[in-house]
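Comments concern the structure below.
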Amino acid sequence: MFFHAHPDDEALLTSGTMAMLAAEGHRVVLVVATSGERGQADLEPGEALGAARIAELYRSAAALGCARVVNLGYGDSGLAPGGGVAEDRPDNAFIDADGEEAARRLAAILTEERADLLTIYDPAGGYGHPDHVQVHRVGGRAAEIAETPIVLEATVNRDPLLKGLKLVRRFYPRLDVRAFERAYSPGETITHRVNVRRFARQKRASMAAHASQATGADTRTLGVMLKVPEPFYRLIFGTEWYVRRDVPSGSRLRHPFEIPPKG
C-alpha cells in the first residue's frame, strides 16, 4: 500500500516502484489523504479542482497497474504564502484531523488488504508540506496498529539534489537552494535505492496523467519533468529512494522487500 497526501505525489515519488511491484504480481493499493483541491492549477481551487485531480489519480493508477484507489476524504490543508500551514485551510483539513482516528481509518484498510508493506514520507514530509508531515505521522501509527511488517519512507537523496540545484542556480540566481538543505533525507540515512528505469514509460504516463499540475503557475515541477527527453528521463528519474527505520542506516538495498544479510 502506498499512502500519499495528494494526487500526483505518487507520480513524483513512488510510481516506478508501484509499477514494478504490480508487474511482479503484487496487489498494489494507492491511498491518498486528500483530493488536492487547493493545489495550483488553471482551475480555481475548490470542489471542481478536487474532482479533476481525483480523475487524474485514477488515470495514473491505471497506468501503474494499481488494483485499488482510496481517498480518505480529508481537506487539502494548502500552504501559507511563505510555506507552512495555511491559516485559511478548510474545517476538515488533514493537518487538523485527529491523528489517532485517521491512523485507525488507514489501519483498517491495511488490515482489510492484509498489506505486507506501507510507504509513507520521511519526518520532514519531503519538502515540508504540512499534509506530507501528517502522512508520516498518521501512516507510521497506522502501521503500528495494523502490525504492517514493512514501512518505507519515500524520500529523495538530498545530497545529489543539492549539488544539482547549486549548478542550476548559476542560470537561475533567484533559486533558493537553502530551502532544500533540510528537505528530504541525506544519503547516509537512505536504506533502499530502487532502480525503476525499466518502468520509465509507466512513470512518465503517471506524471502525464496529472495534467492539471503541469499548469497554473510560472514554473511547475511536473511540467518541467515531462519536458525531459526520454534518455535523460530514465537517467534522472530512474531511481526511487526509501528509508526503512528497522534496518541499519545506510544499507544499500535494491528492492522494497529486500532485507540486509544478518551479520
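The values are calculated or read from the model by the stated rules, or taken from the named source; none is laboratory data. Predicted model, so just to flag it, every value in this text is computed and none were measured. So basically every Cβ, Gly included, is an ideal-geometry build from the backbone, and we count neighbours across all protein chains shown. Please note that ligands, DNA and RNA were not included when accessible areas were found on the heavy atoms of the full protein model with its side chains. Shrake-Rupley method; radii C 1.70, N 1.55, O 1.52, S 1.80 Å.
Of all residues in the range 83-108, which are farther than 24 Å from residue 241 by Cβ, modelled with pLDDT under 90 and within 20 Å of the chain's Cα centre (by Cα)?
Listed by number, the residues that qualify are 84, 85.
Can you pull out every residue in the range 145-175 that is charged (D, E, K, R) and open to solvent by less than 50 Å² (accessible area, probe 1.4 Å)?
Let us first name the residues in the range 145-175 that are charged (D, E, K, R), namely 147, 153, 158-159, 163, 166, 169-170, 174.
Within the range 145-175, 153, 158 meet the criteria.
Taking residue 150, is it among the β-branched types (Val, Ile, Thr) and in contact with a Leu (Cβ under 7 Å, 6 or more places away or on another chain)?
yes
Scan the range 128-139 and give yes if some residue there is within 21 Å of residue 27 (Cα to Cα) and touching a residue at least 24 places away in the same chain (Cβ under 8 Å), otherwise no.
yes
Return the residue satisfying two criteria in turn: it lies in the range 109-162 and is in contact with a strand residue (DSSP E or B) (Cβ under 8 Å, 6 or more places away or on another chain) and polar (S, T, N, Q), and of such residues it is modelled with the lowest pLDDT.
Of everything passing the filter in the range 109-162, 157 is modelled with the lowest pLDDT.
Filtering the range 176-227 down to residues that are within 21 Å of residue 250 (Cβ to Cβ) and of a type in the set (Lys, Arg), which residue is least open to solvent (accessible area, probe 1.4 Å)?
Restricting to residues being within 21 Å of residue 250 (Cβ to Cβ) and of a type in the set (Lys, Arg), the top hit is 193.
Just name the residue that is surrounded by the most Cβ atoms within 10 Å (Cβ to Cβ) out of those in the range 246-263 that are modelled with pLDDT of 85 or more and of a type in the set (Gly, Ala, Ser).
That would be 251.
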